[in-house]
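Student: Mind having a look at this structure? Questions to follow.
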Amino acid sequence: MSFDIDGLRRAVDRHGRVARVVVASVAGSAPREVGAAMLVWDGGQTGTIGGGTLEFEAAQMARHRDGLTRHALGPDLGQCCGGAVTLLTEHFDAAALQAIEGHEVIARGTGEMPLAVHRLIDRARARGEIPAPQLVQGWMVEPVLRPDFPIWIWGAGHVGRALVSVLAPLPRLALTWVDTGPDRFPAEVPGNTTVLPAPFPERAIPLAPKDAAHLILTYSHEIDFALCHAALSHGFGFCGLIGSDTKWARFRKRLQSLGHTRAQIDAICCPIGQKALGKHPQAIAISVASQILSLQQQKEQAWQTPSSASRV
């Protein structure tokens, strides 16, 4: 998990003063991991630190206190997890938010910054080794969330809307949503999703990073085909196409006639999702999201270094 400063900024812009509660440390069994966080304001909250009673109590306390608090889940809260959780509660307004802008790693605590925290920050600056969220000698250290997995969703129909609703809350995904006109999109779009109206969507493929994941599910088979052709020409990290086996067989022949090799065409996943879960838009979205999460996990394992995963 990471410090979602963009999400915090949106909450502060809307609500003025916002409490952020983050899991600072865990001993034994607990509902959520270190770095899990929620935002609380008068009349509402977003995010989750898990645990039902723990979250309810933390939200109530967040409105009138700051700092570290320790919660024994069994004795204090009657939960069956059996472990203990330390929470850090902080309040942010526009001024407090401005004070942490521009940092790749946010470290805060009382007293002089410990040497171990200095070393974590120095390694992040000099080597690009981003530390995991952790409590170090009373100081909370969190890397700033930088969405680094670009997901391009092509189509704003029922399945596209279901996909965005499922994927948008997930951390580290950078969503770009493309369709042929602005009227194709809903009135409200998640704050971390970029909407791109494009009369000829295939011409927007070169705008995508070459490691992007593409999910092609427009209202037109011809647009779908043009996007597959453009994606194969541009390159991609993952490309999934909604459709039947018959649709894909026809696409394969047409793509081969345009000069794409069988090996290149095989890189496109069609159909996306899991047939066994059915064709309801939400069912498709859930199964496709599972594929994306697996890809994200593989990507993180590929670049993660032992030092970035260690605890100090």
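The values are calculated or read from the model by the stated rules, or taken from the named source; none is laboratory data. Because the structure is a prediction, the values reported are computed rather than measured. We place every Cβ from the backbone using ideal geometry, glycine too, and count neighbours over all the protein chains shown. For accessibility, only protein heavy atoms count, side chains too; no ligands or nucleic acids. Shrake-Rupley method; radii C 1.70, N 1.55, O 1.52, S 1.80 Å.
Student: Mind ordering 234-240, 56-62, 124-130 by average Cβ neighbours within 10 Å, highest first?
Tutor: Details: 234-240: 19.1, 56-62: 17.0, 124-130: 14.0.
Final packing ranking: 234-240, 56-62, 124-130.
Student: If I fit a long axis through the Cα atoms of helix 245-257 and take the longest principal axis of the Cα atoms of the chain, what angle between them do I get, 0 to 90°, rounded to 10?
Tutor: Long axis of 245-257 versus the principal axis of the chain: about 70 degrees.
Student: Between Asp122 and Asp66, what is the spin-label point distance in nm, taking each point 7 Å from the Cα along the Cα→C-beta axis?
Tutor: So the label points at Asp122 and Asp66 sit 2.9 nm apart.
Student: Rounding to the nearest 10 and keeping the result within 0 to 90°, find how far the Cα-based axis of helix 281-303 lies from the longest principal axis of the chain.
Tutor: The two axes meet at around 70 degrees.
Student: Quick check: from the Cα gyration tensor, does the stretch 232-280 come out rounded (a/c under 1.5), prolate or oblate? Walk me through the numbers on the way to the answer.
Tutor: Working: a/c = 3.04, a/b = 1.64, b/c = 1.86.
Oblate, since a/c reaches 1.5 and b/c is not below a/b.
Student: I want the antiparallel fraction of DSSP beta bridges within the chain, as a percent rounded to 5. Mind dumping the intermediate values first?
Tutor: On the way: 30 of 52 bridges.
Once the DSSP bridges in the chain are tallied, antiparallel ones form about 60 percent.
Student: If you don't mind, another one. Just round it to a whole percent: the fraction of Cα-Cα distances in the chain exceeding 34 Å. Kindly include the intermediate steps, with their values, before the conclusion.
Tutor: Working: 16472 of 48516 pairs.
So the portion of pairs separated by more than 34 Å is 34 percent.
Student: Solvent-accessible area of Ser165, probe 1.4 Å, all protein chains present, reported in Å² to the nearest ten, please.
Tutor: 70 Å²
Student: Find how many whole Å separate the alpha carbon centroid of the stretch 82-128 from the alpha carbon centroid of the stretch 185-223.
Tutor: Using only Cα atoms to place each centre, the spacing works out to 36 Å.
Student: Leaving out ligands, DNA and RNA, and with a 1.4 Å probe, what % of the accessible surface on the chain is carbon or sulfur? Numbers along the way, then the final one.
Tutor: Numbers: 8170 of 15460 Å².
Answer for the chain: carbon and sulfur cover 53 percent of the accessible area.
Student: Whole number in Å², please: accessible area per residue of the chain, 1.4 Å probe, ligands, DNA and RNA not counted.
Tutor: That works out to 50 Å² for each residue.
Student: Test of the criteria: in the stretch 6-74, which trypsin sites (Lys or Arg not before Pro) are in a DSSP loop and have at most 16 other Cβ atoms within 10 angstrom of their Cβ? It would help to have the intermediate numbers written out before the result.
Tutor: Working: sites: Arg9, Arg10, Arg14, Arg17, Arg20, Arg32, Arg63, Arg65, Arg70; in loops: Arg17, Arg32, Arg63, Arg65.
For trypsin sites (Lys or Arg not before Pro) across the stretch 6-74 that sit outside H, G, I, E and B with at most 16 neighbouring Cβ atoms in 10 Å, the list reads Arg17, Arg63, Arg65.
Student: To the nearest 20 Debye, how big is the dipole of the stretch 88-136 about its Cα centre, given +1 on the beta carbon of each Lys and Arg and -1 on that of each Asp and Glu? Please list the in-between numbers first.
Tutor: Details: 5 positive and 7 negative charges, 52 e Å.
In total the dipole reaches around 260 debye.
Student: Quick one: grab the alpha carbon gyration tensor of the stretch 205-306, order the square roots of its eigenvalues as a ≥ b ≥ c, and give me rounded if a/c is under 1.5, else prolate or oblate depending on whether a/b is larger than b/c. Spell out each step's value before the answer.
Tutor: Details: a/c = 1.97, a/b = 1.19, b/c = 1.66.
Oblate is the answer for the stretch 205-306, as a/c is 1.5 or above yet b/c matches or exceeds a/b.
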